[in-house]
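Below is one structure; the comments refer to it alone.
The values are calculated or read from the model by the stated rules, or taken from the named source; none is laboratory data. The structure displayed is predicted, hence computed values, not measured ones. Glycine also receives a Cβ, built like all others from the backbone with ideal geometry; neighbour counts cover every protein chain displayed. Each accessible area value is taken on the protein alone, full model and side chains, heavy atoms only, with ligands, DNA and RNA left out. Shrake-Rupley method; radii C 1.70, N 1.55, O 1.52, S 1.80 Å.
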Amino acid sequence: MKTIVKATNLSYKINEKKLFQNISFDVDAGSALHIKGGNGTGKTTLLRMILGISKPTRGSIESFAYKDICFTGHKNALKQYLTVEDNLILLSLNTHINLDKYLTDLDLHNSLDVTVANLSFGQQKKLALLRVFLNDSDLIILDEPCVGLDSNSQQILCFFINEELKKDKCIIFSSHIRLDIEANILNLDKL
Amino acid sequence: MSKFAFNSISEAFTMQSLNGQNHGLYVWSVLAIVFFTLLITFLVYKYKLKKISKKIK
Amino acid sequence: MKIFYFEFLKLRKKSRGWIGPILVFVLIMTAFPLTVEFLNEDLDQAFFSVLWIALMLVMMLATEDIFLEDYNDGSLEQLALKNQSLALILGTKIFIYWMLIGVPISFIGSFYGFGITRSFDLGLNILPILLVTSYIFLNVFSFGNALSLTKGSVLGTLITMPLVLPLLVVLGKVVISINIGLNYFGFLALLLGILSIIIVVIPLIISFIIRAHLE
Amino acid sequence: MIKKFIHQFASPKTYLFQVTRAYPYIFVISILIYIISIFWGLFLTPEDFVQGNSYRIIYLHVPASFISQALYGGMAIASAIFLIWKVKLSAYLVKSIAPIGAMTTFIALISGSIWGIPTWGTWWAWDARIVSTLILFIMYLGLISLHDSFANYEKADKFLAVLVLVGSVNIPIIKMSVEWWSTLHQSASITISDKPTIDPSMLYPLFGSMIGFTGIVVCLVILSSKLHIFVREKNKSWIKDYV
């Protein structure tokens with residue numbers, strides 16, 4: 001089995017305050033990792049470390065993904081003043097073959113010419129998740145993907161993730177809401 | 001070393017030049033400014049250091 | 001090519017981002033004759049000072065949220081994740097800003113130069129200077145705004161203004177040499193030289209700064 | 001190799017201990033040299049033929065303006081070291097030099113403009129050196145406010161170092177451009193840039209005052225860096241022993 005993300009002895013300090021210490025884990029292709037923990041335990045920081053945006057204070061983290069990492073975080077990376085359609089162009093998804101299918105599934109078909117600022121929070125989140133559903137990468141990282149989603153969309157997300165796992169993709173996510181996904185669990189509370 | 005440039009203390013104070021102008025005001029005010037700026041900077045840093053040392057203890 | 005189009009689309013649709021600065025520039029250039037008596041000589045003398053200062057202020061205004069918006073909505077994170085070079089993307093962004101704001105302002109500025117000094121040559125002569133200078137200003141102010149990304153544009157202005165002051169001196173010399181009919185291409189070459197260094201170096205520095213901000 | 005050496009030598013702890021030991025000597029010696037040379041300069045040197053006695057300000061003004069530029073150079077070197085080798089101490093130094101640099105530039109500006117009144121007849125002229133000093137002063141203020149505006153010290157260090165380096169590229173440009181400008185605007189005002197052939201009897205106290213002032217400024221930098229190390233490392237165990 002190919003390892004996609006390999007972390008050894010990660011420690012992180014912010015302004016001399018320790019967030020976590022000596023975390024080691026491997027994530028293989030075709031498997032998922034669920035990062036758990038209360039508020040302020042460093043879930044987002046850990047995810048950003050895997051992305052390579054933050055650097056660990058000690059230890060090393062390597063990612064063997066060839067393609068761009070697919071990521072959605074707390075910020076949606078949507079342009080508020082553009083319409084849904086323009087945003088899809090910016091994401092280079094406007095010509096994707098599965099676009100129509102997901103637009104109907106997520107009930108976004110009717111709001112294509114609405115500016116994002118006029119969408120509800122949940123709708124914006126769904127639009128941001130389109131980036132995940134139509135991804136072209138072997139490592140998918142989701143930071144609290146379920147915030148603001150209705151149960152229908154959550155199911156679509158779960159189903160989608162399970163499908164992706166079968167395609168040997170590697171998924172790392174953090175979530176307070178339980179998802180029906182077979183995943184290894186990394187609990188930051190107990191460290 | 002050269003000899004004293006002024007004949008009396010009062011002359012040194014006014015610093016009368018050959019052209020008749022008194023430059024004492026300028027020279028002494030610059031000296032005062034330099035002196036006080038340095039002094040204040042030293043005092044400020046000493047004070048701050050004292051304060052933070054207390055905190056650390 | 002794709003990033004080029006994307007950045008263009010973003011800025012074009014955000015009309016206040018590029019029409020705003022141009023309008024402010026037009027307003028300043030229209031307003032300044034009102035403060036002087038309507039004698040042509042006076043206007044001539046004040047014109048260039050106002051032009052350069054207005055150009056600088058407007059470029060400052062234009063770059064105010066050049067990275068802030070992308071930072072706030074998370075686009076910068078996504079850009080940083082790509083295998084593509086971040087510096088290239090940022091350089092393109094600045095270029096698009098120049099295309100949509102710097103170039104029109106340069107033309108308007110040279111038009112005003114023609115209108116106020118009544119000399120066609122002069123209007124034509126300052127056009128290349130305006131084009132190059134506006135690009136330099138945009139680069140330098142983008143650098144300042146990247147440094148003070150989350151701290152407001154006042155700080156960015158404060159730290160980058162000293163960096164562009166020498167440019168104003170050069171611009172003053174350019175005007176004098178145009179006025180007395182000297183060849184000003186030496187200065188143009190100098191400005192182009194500065195620009196060519198800045199175009200390469202500033203995006204690299206900005207990408208370093210932005211990665212540090214995201215950390 | 002180099003990296004290891006620098007890191008060993010440049011730990012804030014060793015720096016602090018070494019510097020504290022050297023501090024009293026530097027302080028006493030430089031104060032002595034400074035006072036003697038100022039006294040010498042103000043009273044024992046002959047009067048300048050052109051400028052009269054006001055030239056004596058040179059002994060106060062020149063050291064300050066020399067140091068204000070030298071400190072920027074020091075900051076630039078420290079920033080480069082910090083960005084290349086990630087030496088924490090040099091980041092501390094950059095931060096602690098900035099206010100001292102602003103102070104010396106302030107002295108240089110004020111003393112220069114007071115000097116200008118008797119010699120040029122005006123306290124301010126748009127002269128090359130004055131303008132570049134003023135820009136330097138604004139740059140120092142900008143650097144200080146940049147560092148102060150970030151709560152996260154690591155980020156602030158990085159940005160400060162970048163800005164110092166970019167600014168140092170700018171300094172020769174400032175000099176160059178401003179000097180062209182002054183040659184064009186050469187009006188009644190006399191530039192101080194063309195040095196009078198200075199008499200040795202005036203030169204020695206000038207050197208003395210420069211050395212003395214440098215020593216005093218070094219003392220101030222030591223105090224300032226001490227303060228900054230205290231702020232940054234206050235949770236370390238060794239600092240409690242030190243205090």
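Here A:Lys43 meets each of (1) basic (Lys, Arg); (2) touching a residue at least 60 places away in the same chain (Cβ under 8 Å); (3) surrounded by fewer than 19 Cβ atoms within 10 Å (Cβ to Cβ) with one exception, condition (3). Note on the stretch A:94-121: residues that are open to solvent by 10 Å² or more (accessible area, probe 1.4 Å) and either in contact with a Gly (Cβ under 9 Å, 6 or more places away or on another chain) or not polar (S, T, N, Q) (or both) total 16.
Every condition in (1) modelled with pLDDT under 85; (2) farther than 27 Å from C:Phe4 by Cα holds for A:Gly122 except the one numbered (1). Only a single criterion out of (1) more than 13 Å from the chain's Cα centre (by Cα); (2) of a type in the set (Phe, Trp, Tyr); (3) in a helix (DSSP H, G or I) is not satisfied by D:Trp124, namely (3).
Residues that are open to solvent by 30 Å² or more (accessible area, probe 1.4 Å), in a loop (DSSP other than H, G, I, E, B) and either farther than 30 Å from D:Val231 by Cβ or among the β-branched types (Val, Ile, Thr) (or both) are absent from the stretch A:9-30 altogether. Of the residues making up the stretch D:31-42, those that are within 11 Å of chain B (Cβ to nearest Cβ) and crowded, with 16+ Cβ neighbours inside 10 Å are D:Tyr34, D:Ile38, D:Trp40, D:Gly41, D:Leu42. Selection of the stretch D:1-59 for residues being of a type in the set (Gly, Ala, Ser) and modelled with pLDDT of 90 or more yields D:Ala22, D:Ser30, D:Ser37. The set of residues in the stretch C:70-94 that are open to solvent by 10 Å² or more (accessible area, probe 1.4 Å), free of Cβ contacts under 8 Å to residues at least 60 places away in the same chain and part of a helix (DSSP H, G or I) comprises C:Asn72, C:Ser75, C:Gln78, C:Leu79, C:Leu81. The conditions of being in a helix (DSSP H, G or I) and more than 14 Å from chain A (Cβ to nearest Cβ) are met by C:Tyr112. Taken together, C:Gly74, C:Gly109, C:Gly123, C:Gly113 contain a single residue that is modelled with pLDDT under 90, in contact with a Leu (Cβ under 6 Å, 6 or more places away or on another chain) and not hydrophobic (A, V, I, L, M, F, W, C), which is C:Gly113. Evaluated against (1) under 18 Å from C:Ile199 (Cα atoms); (2) among the hydroxyl-bearing types (Ser, Thr, Tyr); (3) touching a residue at least 40 places away in the same chain (Cβ under 8 Å), C:Thr117 falls short on exactly one condition, (1).
Within the option set C:Val175, C:Val140, C:Val170, being farther than 30 Å from C:Ser85 by Cα, touching a residue at least 60 places away in the same chain (Cβ under 8 Å) and within 12 Å of another protein chain (Cβ to nearest Cβ) holds for one residue only, C:Val175.
Put simply, of C:Ser134, C:Ser177, C:Ser142 the only residue that is of a type in the set (Ser, Thr, Tyr), assigned to a helix (DSSP H, G or I) and surrounded by fewer than 19 Cβ atoms within 10 Å (Cβ to Cβ) is C:Ser177.
Among residues of the stretch D:139-150 that are more than 7 Å from every other protein chain (Cβ to nearest Cβ) and farther than 15 Å from D:Phe106 by Cβ, those with a beta-carbon under 9 Å from a residue that is of a type in the set (Asp, Glu) and open to solvent by less than 40 Å² (accessible area, probe 1.4 Å) at least six positions away or on a different chain give the pairs D:His147/D:Asp157; D:Phe150/D:Asp157. Close Cβ contacts (under 6 Å, 6 or more residues apart or on different chains) running from residues in the stretch D:219-243 that are within 9 Å of another protein chain (Cβ to nearest Cβ) and closer than 21 Å to D:Ala156 by Cα to residues that are surrounded by 21 or more Cβ atoms within 10 Å (Cβ to Cβ) and among the acidic types (Asp, Glu) are absent. Looking across D:Leu134, D:Leu160, D:Leu143, one residue alone is under 30 Å from D:Ile229 (Cα atoms), open to solvent by 20 Å² or more (accessible area, probe 1.4 Å) and not aromatic (Phe, Trp, Tyr). It is D:Leu134. A Cβ distance below 6 Å, combined with a sequence gap of six or more or placement on separate chains, defines the contacts here; from the stretch A:144-169, residues that are touching a residue at least 40 places away in the same chain (Cβ under 8 Å) and assigned to a helix (DSSP H, G or I) reach residues that are among the β-branched types (Val, Ile, Thr) and surrounded by 14 or more Cβ atoms within 10 Å (Cβ to Cβ) in the pairs A:Ile161/A:Ile171; A:Ile161/A:Ile181. Quick one: in the stretch B:9-47, of everything that is open to solvent by less than 50 Å² (accessible area, probe 1.4 Å) and not in a helix (DSSP H, G or I), which residue is farthest from the other protein chains (Cβ to nearest Cβ)? Going through the qualifying residues, I end up with B:Gly20. Residues in the stretch A:51-93 that are surrounded by fewer than 18 Cβ atoms within 10 Å (Cβ to Cβ), closer than 20 Å to A:Leu19 by Cβ and facing chain C (nearest Cβ under 7 Å): A:Lys55 alone. The test for being within 7 Å of chain D (Cβ to nearest Cβ), without any contact (Cβ under 8 Å) to a residue 40 or more places away in the chain and loosely packed, with under 14 Cβ neighbours inside 10 Å holds for B:Lys57.
Among the residues making up the stretch A:170-189, those that are open to solvent by 20 Å² or more (accessible area, probe 1.4 Å), part of a loop (DSSP other than H, G, I, E, B) and not β-branched (Val, Ile, Thr) are A:His176, A:Arg178, A:Asp180, A:Glu182, A:Ala183.
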